[in-house]
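Enquirer: Mind looking over this structure? Questions follow.
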Amino acid sequence: MSKADTLLVYEKPTCTTCRKLVKLLNEKGIDFDRLNYFIDPIPRDTLVDLLKKMSMSPRELLRTRDQAYKDLGMKNPDLTDKEIIDAMVAHPGLIQRPIIQRGSKVVLGRPVENVLELL
């Protein structure tokens, strides 16, 4: 498998859903790379690209259970996509996870079985 075909998992290792995804991939014997985006933040341009490849709006990728969602008033319907993306870059907990990329294809691993679309 070429490096371009390798699965890249954007994750938070302590996240229950991320751990379920890792377990599923290991059970299927699938090689993958992991990126803890709380340690290595997702650059703004990359986040915009991931959203485009998932055909999602920034609001759809917002993690509403994160405390920053409430603290920053992210529920406000008047927030622009730029403002939402800026908040996600500054507060990675606002990004739903895991995000899985393989080449030019990207899926949100909620549910984790979505990763099967990339295999």
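A short reminder: the numbers here are calculations on the coordinates, not readings from a lab. Owing to the predicted nature of the structure, the values given are computational and were not obtained by experimental measurement. Here the Cβ is made from the backbone with ideal geometry for all residues, glycine too, and neighbour counts use every protein chain on show.
Enquirer: To the nearest 0.05, how large is the calculated FRET efficiency for LEU119 and THR64 if R₀ is 22 Å and r is the Cβ-Cβ distance?
Expert: Computed FRET efficiency for LEU119 and THR64 comes out at 0.15.
Enquirer: Using only the Cα atoms of segment 3-118, what are the Rg and Dmax in Å?
Expert: 13.9, 45
Enquirer: How big is the C-alpha Rg of segment 29-94 next to the rule-of-thumb value 2.2 N^0.38 Å, as a ratio?
Expert: Relative to the 2.2 N^0.38 Å estimate, segment 29-94 comes out at 1.18.
Enquirer: Please determine, in degrees from 0 to 90 and to the nearest 10, the orientation of helix 44-54 with respect to the longest principal axis defined by the Cα atoms of the chain, where the helix direction is its Cα long axis.
Expert: The angle comes out near 70 degrees.
Enquirer: Residue-wise, which Karplus ³J(HN,Hα) couplings in Hz belong to segment 13-26, taking 6.51 cos²θ - 1.76 cosθ + 1.60, θ = phi - 60°, and x for glycine or proline?
Expert: Couplings: x, 7, 6, 4, 5, 4, 5, 5, 5, 4, 4, 4, 5, 5 Hz.
Enquirer: For a quick check: with amide H placed at 1.01 Å from N, whose amide H comes under 5 Å from ILE95's, ignoring anything fewer than 5 positions away on the same chain?
Expert: Residues meeting the criterion, in which the H sits 1.01 Å from N, are ARG63.
Enquirer: Please list 3J(HN,Hα) in residue order for segment 85-101, calculated via the Karplus relation 6.51 cos²θ - 1.76 cosθ + 1.60 where θ = phi - 60°; whole Hz, with x for glycine and proline.
Expert: Coupling constants for segment 85-101: 5, 4, 5, 5, 5, 6, 10, x, x, 7, 8, 4, 9, x, 10, 10, 10 Hz.
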